[in-house]
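**Q** Here you go, one structure.
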Amino acid sequence: MRLKKGLMVSAIALTGVLALSACTDSGAPTAGESEAPVAEVTFEAGSTMAALNEAGAITIGTKFDQPLFGQVDGSGDPQGFDVEIGKLIASKLGIAESGITWTETVSANREPFIQSGQVDIVVATYTINDKRKEVISFAGPYYNAGQDILVVAGNPEGIKGPEDLAGKPVCTVAGSTSEANIAEYTDQITSLGGYAECLPLLSSGAVVAATTDNVILAGLAANSAGEFEVVGAPFTEEPYGIGLAKDDTEFRSFINDVLEESYDDGDWAAAWNKTAGAELPLPDPPAVDRY
């Protein structure tokens with residue numbers, strides 16, 4: 001597997017094609033590495049699936065700082081539920097894990113990266129909504145989250161829900177649905193590049209809460225050595241989807257088929273238990289929306 005740090009959005013100047021050329025080295029596994037079995041498959045000529053399969057390579061955008069869903073480990077390899085879903089899709093395309101290039105995507109650059117062809121798909125705690133569907137397509141959802149609130153352990157402000165944040169300083173991430181949602185309750189919003197960046201502000205008292213999806217907050221709390229806790233009162237529904245190029249209906253249908261198959265054969269549950277399952281109970285998989 002290869003990693004590529006996300007470029008600044010302002011650096012994107014051209015509309016590209018599939019990010020097949022991003023993989024230029026052999027990508028052979030290092031000593032001791034093992035790879036999941038890869039499907040031997042063929043696809044209709046001219047389809048995105050055929051192009052990726054023939055190249056033996058795919059570029060996947062994911063978060064690098066989201067515990068449980070997408071976070072690089074000490075070796076620099078991404079780990080998490082989103083990462084496992086990406087590996088599963090690659091396998092069904094006949095692509096080995098060593099053929100995956102992981103590109104860091106943050107909330108603000110996911111659509112531009114898809115539109116420019118810098119990535120082939122994005123699996124990055126990516127909420128499906130109508131505004132985003134104007135410029136890209138979504139497969140899924142593959143998980144249903146809900147926006148919640150992170151506070152200092154013991155909840156000294158007594159925050160029970162978003163209504164208690166009225167007029168109070170809150171931290172979230174720029175370009176996220178969480179930012180838009182919390183703006184309905186307070187205008188004192190600090191919007192940063194990543195959710196982990198909110199933690200020092202919360203520790204210092206510069207903000208009284210951080211807010212995003214409950215599973216992201218659960219990961220941050222789990223890594224905080226007891227410094228923070230999640231309020232535990234989700235106030236939105238956030239269906240996570242897989243972003244891909246606008247109107248690539250065949251590719252979207254293929255990914256939806258992969259997801260539904262993974263629900264039935266246990267691969268989805270295995271991916272959850274291997275990652276997010278360390279902190280969260282196994283949920284029911286959501287119904288795929290073949291819009």
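**Q** Considering only region 252-291, how many residues are of a type in the set (Ser, Thr, Tyr) and part of a helix (DSSP H, G or I)?
**A** 3
**Q** Only one of LEU220, LEU199, LEU150 is closer than 24 Å to GLY80 by Cβ, in a strand (DSSP E or B) and among the aliphatic types (A, V, I, L, M). Can you tell me which?
**A** Checking each option against the conditions leaves just LEU150.
**Q** Still on this model: Can you pull out the residues in region 223-251 that are of a type outside the set (Gly, Ala, Ser) and assigned to a loop (DSSP other than H, G, I, E, B)?
**A** ASN223, GLU227, VAL231, PRO234, PHE235, THR236, GLU237, LYS246, ASP247, ASP248
**Q** A further question on this structure: If I ask for residues that are touching a Ser or Thr at 6+ places or on another chain (Cβ under 9 Å) and of a type in the set (A, V, I, L, M), which ones from region 243-257 would you list?
**A** LEU244, ALA245
**Q** Hey, can you tell me all the residues within region 158-175 that are among the hydrophobic types (A, V, I, L, M, F, W, C) and touching a strand residue (DSSP E or B) at 6+ places or on another chain (Cβ under 9 Å)?
**A** Result: ILE159, LEU165, VAL170, CYS171, VAL173, ALA174.
Yes/no matrix, rows are residues, columns are (1) more than 17 Å from the chain's Cα centre (by Cα); (2) closer than 17 Å to THR172 by Cα:
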{"position": "LEU202", "(1), (2)": "yes, yes"}
{"position": "VAL215", "(1), (2)": "no, yes"}
{"position": "LEU220", "(1), (2)": "no, yes"}
{"position": "THR236", "(1), (2)": "yes, yes"}
{"position": "ILE255", "(1), (2)": "no, no"}
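**Q** Report, ordered by the first and then the second residue, all pairs with beta carbons closer than 7 Å, sequence separation of six or more or different chains, a first member in region 237-266 that is over 16 Å from LYS87 (Cα atoms), and a second member that is acidic (Asp, Glu).
**A** Every condition considered, the pairs that remain are GLU238/ASP213.
**Q** ALA225: over 20 Å from the mean Cα position of the chain (by Cα) and buried (at least 23 other Cβ atoms within 10 Å of the Cβ), yes or no?
**A** no
Where a number appears in this text, it was derived from the coordinates with a stated rule and is not lab data. What you see is a predicted model; the values in this text were computed from it and never measured. Quick reminder, even Gly has a Cβ in these numbers, built from the backbone with ideal geometry, and neighbours come from all protein chains shown.
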